[in-house]
Amino acid sequence: MIAGTLLQAMLVARLRAVLTTASVFDAPPVRSARPYVVVDTPVLTDWGTKDAAGREGRVIVQLFDRGEVPARLREIAAVAEGAVLSAPAGLAGWRVVSLSFARSRVVRDGDGWIGALEFRVRMLAG
């Protein structure tokens, strides 16, 4: 299976297990009440070695909430960040070599808030 698809599915499952106040999706939902979280498809490039296939790239977790202040969104982001950073290294046919926080952002969106957590990931086949 494609490395990015495996990584995305694993992160969606982890976030669904720990986020009790928000729904989690692998694509923008057609209809969903806020708060919800979307794990974007990772953008990966070649990071292979002489004898092993590898991928390096970014994965973005988007957070959506409503309200006057982004307090709840920040709480959801903190839980999501912890869940991503503590993800297991083993995936079917791939091993996560490193998964680190890159950056985050929270911005106003109409009557709500949008947040983004970006992570750098490096994976090797095998």
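Just checking, does segment 8-15 include any residue being surrounded by fewer than 16 Cβ atoms within 10 Å (Cβ to Cβ) and over 13 Å from the mean Cα position of the chain (by Cα)? The answer is no, given that none of the residues of segment 8-15 is surrounded by fewer than 16 Cβ atoms within 10 Å (Cβ to Cβ) and over 13 Å from the mean Cα position of the chain (by Cα). Within segment 22-60, the set of residues being among the polar types (S, T, N, Q) and either within 15 Å of W94 (Cβ to Cβ) or surrounded by fewer than 12 Cβ atoms within 10 Å (Cβ to Cβ) (or both) comprises T45, T49.
Give, as residue ranges, the strands (runs of 3 or more DSSP E) completely inside segment 2-60 that count at least 1 residues that are of a type outside the set (D, E, K, R) and touching a residue at least 24 places away in the same chain (Cβ under 8 Å).
36-39, 43-46
Candidates L73, L63: the one that is touching an Asp or Glu at 6+ places or on another chain (Cβ under 7 Å), open to solvent by less than 50 Å² (accessible area, probe 1.4 Å) and either touching a residue at least 24 places away in the same chain (Cβ under 8 Å) or not aromatic (F, W, Y) (or both) is L73.
Looking across segment 65-112, the residues that are over 18 Å from R55 (Cα atoms) and part of a loop (DSSP other than H, G, I, E, B) come down to G67, E68, V69, P70, S86, G110, D111.
The values are calculated or read from the model by the stated rules, or taken from the named source; none is laboratory data. Predicted model, so just to flag it, every value in this text is computed and none were measured. Note that each Cβ is placed from the backbone with ideal geometry, even for glycine, and that neighbours are counted across all protein chains shown. These accessible areas exclude ligands, DNA and RNA; they are computed on the full protein's heavy atoms, side chains included. Shrake-Rupley method; radii C 1.70, N 1.55, O 1.52, S 1.80 Å.
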